[in-house]
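The values are calculated or read from the model by the stated rules, or taken from the named source; none is laboratory data. Because the structure is predicted, anything quoted here is derived from the model rather than measured. Backbone-built Cβ (ideal geometry, glycine too); neighbour counts: all protein chains shown.
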Amino acid sequence: RPRLHLPEGSRFKTQARTPALPAPSPHSAAPELRRPSAGSGGTASVNGSDTAGTLTINTGGSPAVGCFATINFNQKFNSTPHISIAPVGSAAGALDFYINRSTTSLSICTTSAAPPGSSFSFDYVAID
């Protein structure tokens, strides 16, 4: 095992450096959420930022095929971001969902109507 040998009477000094924090991302504020199309009385909320968060959808009466909600980013991405979506729980996982994406927004949509009076969550990550 290697050892450090210092001459007698020598001192070993170390200097700890505080890592610099990165500048705040222009995508760090919570994005705007447009009114969802999740059925009569349906709601949606987002908790997070432009780059990562959780979208929760509560369907109302008679949800239709199409987009549940659109997240409008606070800051436009330089190019269409790469989006990763993960359904949270089995109810969201059972949906036939897809996304639409652009430099300014992200929509979570379904190809089959979701059950009325249900709650679904999706985690998302957007990388420029």
Could you check, for the range 83-103, whether at least one of its residues is touching an Asp or Glu at 6+ places or on another chain (Cβ under 7 Å) and in a loop (DSSP other than H, G, I, E, B)? no
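Based on this model, can you work out whether L4 counts as at pLDDT below 85 and either of a type in the set (A, V, I, L, M, F, W, C) or assigned to a strand (DSSP E or B) (or both)?
On the way: at pLDDT below 85: yes; either of a type in the set (A, V, I, L, M, F, W, C) or assigned to a strand (DSSP E or B) (or both): yes.
Taking the combined requirement at face value, the residue satisfies it.
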Would you mind telling me which numbered condition in (1) at pLDDT 80 or above; (2) loosely packed, with under 11 Cβ neighbours inside 10 Å K13 fails? (1)
Please identify the pairs in which a residue from the range 94-123 that is in contact (Cβ under 8 Å) with a residue 12 or more places away in the chain and under 17 Å from N47 (Cβ atoms) has its Cβ atom under 7 Å from the Cβ atom of a residue that is hydrophobic (A, V, I, L, M, F, W, C) and surrounded by fewer than 14 Cβ atoms within 10 Å (Cβ to Cβ), counting only partners at least 6 apart or on another chain. F122/A86; D123/A86
A91 being of a type outside the set (D, E, K, R), modelled with pLDDT of 85 or more, exposed (fewer than 15 other Cβ atoms within 10 Å of the Cβ) and within 28 Å of D128 (Cβ to Cβ): no
Filtered residues of the range 60-80 (kept if hydroxyl-bearing (S, T, Y) and closer than 18 Å to S45 by Cα): T70
Among what's in the range 109-128 and is not β-branched (V, I, T) and not in a strand (DSSP E or B), pick the residue that is surrounded by the most Cβ atoms within 10 Å (Cβ to Cβ). A114
